[in-house]
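Visitor: One structure, pasted below without further comment.
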Amino acid sequence: MSGDILDTFVEAIHQRHGYRVVAMDMSDVPLTMEAFLLATAENRIQARAIADSMMETASRNGFRKHHIEGYDEGSWILIDYIDLVVHIFLPETREYYNLEMLWSDVPTIEYDNTEEPPDDDSRHAQD
(Lines give C-alpha, C1' and ligand atoms only; values in the text may rest on other atoms or scores of the structure.)
Protein backbone atom coordinates (compact mmCIF):
# COMPACT_ATOMS: atom_id res chain seq x y z
CA MET A 1 0.00 0.00 0.00
CA SER A 2 1.30 3.42 -0.93
CA GLY A 3 2.86 5.46 1.86
CA ASP A 4 1.10 8.54 0.49
CA ILE A 5 -2.37 7.03 0.92
CA LEU A 6 -1.48 5.77 4.41
CA ASP A 7 -0.28 9.28 5.29
CA THR A 8 -3.62 10.66 4.07
CA PHE A 9 -5.55 8.21 6.26
CA VAL A 10 -3.30 8.89 9.26
CA GLU A 11 -3.97 12.61 8.85
CA ALA A 12 -7.72 11.89 8.91
CA ILE A 13 -7.22 10.03 12.19
CA HIS A 14 -5.09 12.78 13.71
CA GLN A 15 -7.65 15.43 12.71
CA ARG A 16 -10.08 13.69 15.08
CA HIS A 17 -7.37 13.34 17.77
CA GLY A 18 -6.83 9.62 17.34
CA TYR A 19 -3.51 8.44 18.73
CA ARG A 20 -1.14 5.43 18.87
CA VAL A 21 -1.53 5.13 15.10
CA VAL A 22 0.23 2.10 13.62
CA ALA A 23 0.25 0.72 10.07
CA MET A 24 0.96 -2.99 9.73
CA ASP A 25 2.17 -4.39 6.40
CA MET A 26 0.08 -7.54 5.86
CA SER A 27 1.16 -8.11 2.24
CA ASP A 28 3.33 -11.15 3.07
CA VAL A 29 0.70 -12.75 5.30
CA PRO A 30 -1.66 -15.24 3.60
CA LEU A 31 -4.64 -12.91 4.02
CA THR A 32 -6.42 -10.82 1.45
CA MET A 33 -5.50 -7.33 2.69
CA GLU A 34 -2.30 -5.36 2.20
CA ALA A 35 -2.36 -3.42 5.46
CA PHE A 36 -3.96 -2.89 8.84
CA LEU A 37 -4.23 0.63 10.20
CA LEU A 38 -4.73 0.81 13.98
CA ALA A 39 -5.71 3.83 16.05
CA THR A 40 -6.93 4.55 19.55
CA ALA A 41 -9.78 6.85 20.60
CA GLU A 42 -10.58 7.97 24.14
CA ASN A 43 -14.32 7.29 23.97
CA ARG A 44 -17.05 5.88 21.73
CA ILE A 45 -18.06 9.28 20.33
CA GLN A 46 -14.48 10.00 19.30
CA ALA A 47 -14.13 6.49 17.81
CA ARG A 48 -17.19 7.12 15.61
CA ALA A 49 -15.84 10.57 14.64
CA ILE A 50 -12.54 8.97 13.57
CA ALA A 51 -14.45 6.31 11.62
CA ASP A 52 -16.55 8.99 9.89
CA SER A 53 -13.41 10.94 8.99
CA MET A 54 -11.76 7.76 7.65
CA MET A 55 -14.80 6.88 5.53
CA GLU A 56 -14.99 10.41 4.06
CA THR A 57 -11.26 10.42 3.29
CA ALA A 58 -11.37 6.93 1.80
CA SER A 59 -14.33 7.82 -0.40
CA ARG A 60 -12.56 10.97 -1.68
CA ASN A 61 -9.54 8.80 -2.54
CA GLY A 62 -11.47 6.16 -4.46
CA PHE A 63 -11.68 3.46 -1.78
CA ARG A 64 -14.98 1.59 -1.59
CA LYS A 65 -15.99 0.34 1.82
CA HIS A 66 -16.63 -3.41 1.78
CA HIS A 67 -18.19 -3.43 5.26
CA ILE A 68 -18.01 -1.92 8.72
CA GLU A 69 -18.40 -3.57 12.11
CA GLY A 70 -18.75 -2.20 15.63
CA TYR A 71 -19.78 1.35 14.72
CA ASP A 72 -22.88 1.41 16.94
CA GLU A 73 -21.12 -0.12 19.96
CA GLY A 74 -17.92 1.87 19.36
CA SER A 75 -15.28 0.07 21.44
CA TRP A 76 -13.72 -1.53 18.32
CA ILE A 77 -14.73 -0.20 14.94
CA LEU A 78 -13.45 -2.19 11.96
CA ILE A 79 -13.70 -0.68 8.48
CA ASP A 80 -12.85 -3.09 5.67
CA TYR A 81 -11.66 -1.66 2.34
CA ILE A 82 -10.46 -5.09 1.10
CA ASP A 83 -6.80 -3.98 0.67
CA LEU A 84 -6.85 -1.95 3.88
CA VAL A 85 -8.55 -2.80 7.16
CA VAL A 86 -8.87 0.04 9.67
CA HIS A 87 -9.21 -0.77 13.39
CA ILE A 88 -10.28 2.00 15.78
CA PHE A 89 -10.15 0.94 19.43
CA LEU A 90 -10.88 2.27 22.86
CA PRO A 91 -7.70 1.90 24.96
CA GLU A 92 -8.85 -1.10 27.02
CA THR A 93 -10.15 -2.93 23.93
CA ARG A 94 -6.89 -2.34 22.06
CA GLU A 95 -4.89 -3.69 24.99
CA TYR A 96 -7.15 -6.72 25.35
CA TYR A 97 -6.96 -7.83 21.70
CA ASN A 98 -3.34 -6.65 21.25
CA LEU A 99 -3.15 -7.00 17.46
CA GLU A 100 0.40 -5.66 17.50
CA MET A 101 1.49 -8.69 19.54
CA LEU A 102 -0.62 -11.11 17.51
CA TRP A 103 1.01 -9.90 14.29
CA SER A 104 4.40 -8.99 15.81
CA ASP A 105 6.29 -10.56 12.90
CA VAL A 106 4.97 -8.11 10.26
CA PRO A 107 6.66 -4.79 9.45
CA THR A 108 5.03 -1.81 11.14
CA ILE A 109 5.15 1.96 10.94
CA GLU A 110 4.38 3.93 14.09
CA TYR A 111 3.01 7.33 13.14
CA ASP A 112 3.39 8.71 16.62
CA ASN A 113 4.80 7.46 19.87
CA THR A 114 1.98 8.75 22.01
CA GLU A 115 0.86 6.26 24.62
CA GLU A 116 -1.68 8.67 26.08
CA PRO A 117 -4.23 10.97 24.47
CA PRO A 118 -2.93 14.33 23.26
CA ASP A 119 -2.73 16.97 26.01
CA ASP A 120 -5.36 19.54 25.04
CA ASP A 121 -4.01 22.01 27.61
CA SER A 122 -0.81 22.47 25.62
CA ARG A 123 -2.80 23.98 22.77
CA HIS A 124 -4.21 26.64 25.08
CA ALA A 125 -0.96 27.62 26.80
CA GLN A 126 0.04 31.21 26.40
CA ASP A 127 3.57 32.33 25.47
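Visitor: Pairs, please: C-beta under 6 Å, at least 6 apart or cross-chain, first residue of a type in the set (Ser, Thr, Tyr) and in the stretch 38-60, second surrounded by 15 or more Cβ atoms within 10 Å (Cβ to Cβ) and part of a loop (DSSP other than H, G, I, E, B)?
Guide: From the stretch 38-60, the pairs are Ser53/Arg16.
Visitor: Quick one: how many residues across the stretch 80-109 are charged (D, E, K, R) and in a helix (DSSP H, G or I)?
Guide: Going through the stretch 80-109 one residue at a time, the tally reaches 4.
Visitor: For the stretch 69-79, how many residues are in a strand (DSSP E or B) and either in contact (Cβ under 8 Å) with a residue 40 or more places away in the chain or surrounded by fewer than 16 Cβ atoms within 10 Å (Cβ to Cβ) (or both)?
Guide: The qualifying residues number 1.
Visitor: Output the residues belonging to the stretch 28-72 that are of a type outside the set (A, V, I, L, M), at pLDDT below 95 and over 18 Å from Ile5 (Cα atoms).
Guide: Asp28, Pro30, Thr32
Visitor: Confirm whether Ala47 is part of a strand (DSSP E or B), under 10 Å from the mean Cα position of the chain (by Cα) and surrounded by 21 or more Cβ atoms within 10 Å (Cβ to Cβ). Spell out the reasoning first.
Guide: Working: part of a strand (DSSP E or B): no; under 10 Å from the mean Cα position of the chain (by Cα): yes; surrounded by 21 or more Cβ atoms within 10 Å (Cβ to Cβ): yes.
Criteria not met by Ala47.
Visitor: Separate question: Hey, does the stretch 18-41 have a residue that's over 15 Å from Thr108 (Cβ atoms), among the hydrophobic types (A, V, I, L, M, F, W, C) and buried (at least 18 other Cβ atoms within 10 Å of the Cβ)?
Guide: Yes, the stretch 18-41 has at least one match.
Visitor: So in the stretch 1-28, with the set limited to residues that are touching a helix residue (DSSP H, G or I) at 6+ places or on another chain (Cβ under 8 Å), β-branched (Val, Ile, Thr) and in a helix (DSSP H, G or I), which one is farthest from Ala49 (Cα to Cα)?
Guide: Once the filter is applied, the top-ranked residue is Thr8.
The values are calculated or read from the model by the stated rules, or taken from the named source; none is laboratory data. Since the structure is predicted, the reported quantities are computational estimates derived from the model, not experimental observations. A quick note on method: Cβ atoms are made from the backbone with ideal geometry, for glycine too, and the neighbour counts reach across all protein chains shown.
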